[in-house]
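What follows is a single structure, written as structure tokens, with notes after it.
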Amino acid sequence: MMRAAARRTGYALLERSLRRTFRRVVWCGPFNPPPAHLPVVIYANHHVFQDSYALACLIERVLDRRTLVWMEELERFPFFGLLGARSFPAGDAAARVRTIRATRSAMRRDPEHMLIYYPEGRLHAAAEGILPFPADRLGRLDRVLPTPKLWWPVALSVTGWHDTHPTLCLTGGMPHAESTGREAETLRELLVALGSGALPQRVLYDGRRGPHERWDFSRAAAILS
């Protein structure tokens with residue numbers, strides 16, 4: 001009971017952080033999430049500090065499923081463990097193996113789980129595009145995680161820098177049952193689609209309005225004239 005309450009509180013804080021940082025968080029293009037009866041691996045680009053916040057809230061609050069994410073520095077921020085983070089330290093191969101096995105067990109036990117996975121391996125500037133990674137990286141993971149499951153490509157991009165608070169945009173591709181070896185190209189294509197600005201938008205979170213939206217001093221004109 002206490003853990004469930006702490007989890008709800010934690011996700012409320014993530015949502016508040018998104019609302020304070022961004023003017024809005026929007027889903028662009030068709031919204032066709034994977035069916036709930038299979039576990040899912042979301043693979044995404046890693047260009048935005050708040051990308052795990054947004055993806056975790058998408059999973060927990062929008063899709064009503066369960067989040068798993070591998071976190072390199074979980075020991076420094078242990079409270080994220082209540083929200084689905086699992087330890088994945090860079091210098092401890094044995095700990096990473098234990099986390100992979102625990103993830104596999106969680107997905108087998110409850111197919112509502114969705115793992116957030118960043119194949120690029122590190123957070124980096126969006127101007128660098130998609131960092132190269134081995135074509136079989138997801139294939140190796142495919143062999144150790146449960147079958148059946150689905151892979152769901154999701155791209156994230158920040159736009160609207162002319163505004164007081166930028167907009168975080170997400171879009172997704174078609175879920176697929178096995179790794180393809182062209183996941184990097186899939187993410188590139190999704191980012192291009194996001195950059196076109198042509199996709200219809202669904203607002204996931206409305207955030208903080210800018211001063212030009214909140215303030216109107218037109219009535220002061222008579223005093224100042």
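The values are calculated or read from the model by the stated rules, or taken from the named source; none is laboratory data. In this text, all values refer to a predicted model and were calculated from it rather than measured experimentally. Cβ: placed from backbone, ideal geometry, glycine included. Neighbour counts: every protein chain shown.
Quick notes
- Some residue of the range 29-45 being among the small types (Gly, Ala, Ser), touching a residue at least 24 places away in the same chain (Cβ under 8 Å) and on the phi > 0 side of the Ramachandran plot: yes
- Per-region count, the range 155-187, residues out of contact with any Lys or Arg (no Cβ under 9 Å at 6 or more places or on another chain), outside any loop (DSSP other than H, G, I, E, B) and hydroxyl-bearing (Ser, Thr, Tyr): 4
- Residue list for the range 105-125, filter: modelled with pLDDT under 95 and in a helix (DSSP H, G or I): none
- On the stretch given as the range 91-122, residues that are loosely packed, with under 14 Cβ neighbours inside 10 Å and within 18 Å of the chain's Cα centre (by Cα) total 2.
- Residue match in the range 63-85 (condition: more than 24 Å from Pro146 (Cβ to Cβ), touching an Asp or Glu at 6+ places or on another chain (Cβ under 8 Å) and either among the polar types (S, T, N, Q) or free of Cβ contacts under 8 Å to residues at least 60 places away in the same chain (or both)): no
- Out of Leu141, Leu190, Leu194, Leu199, sole residue that is in contact with a Cys (Cβ under 6 Å, 6 or more places away or on another chain) and assigned to a helix (DSSP H, G or I): Leu194
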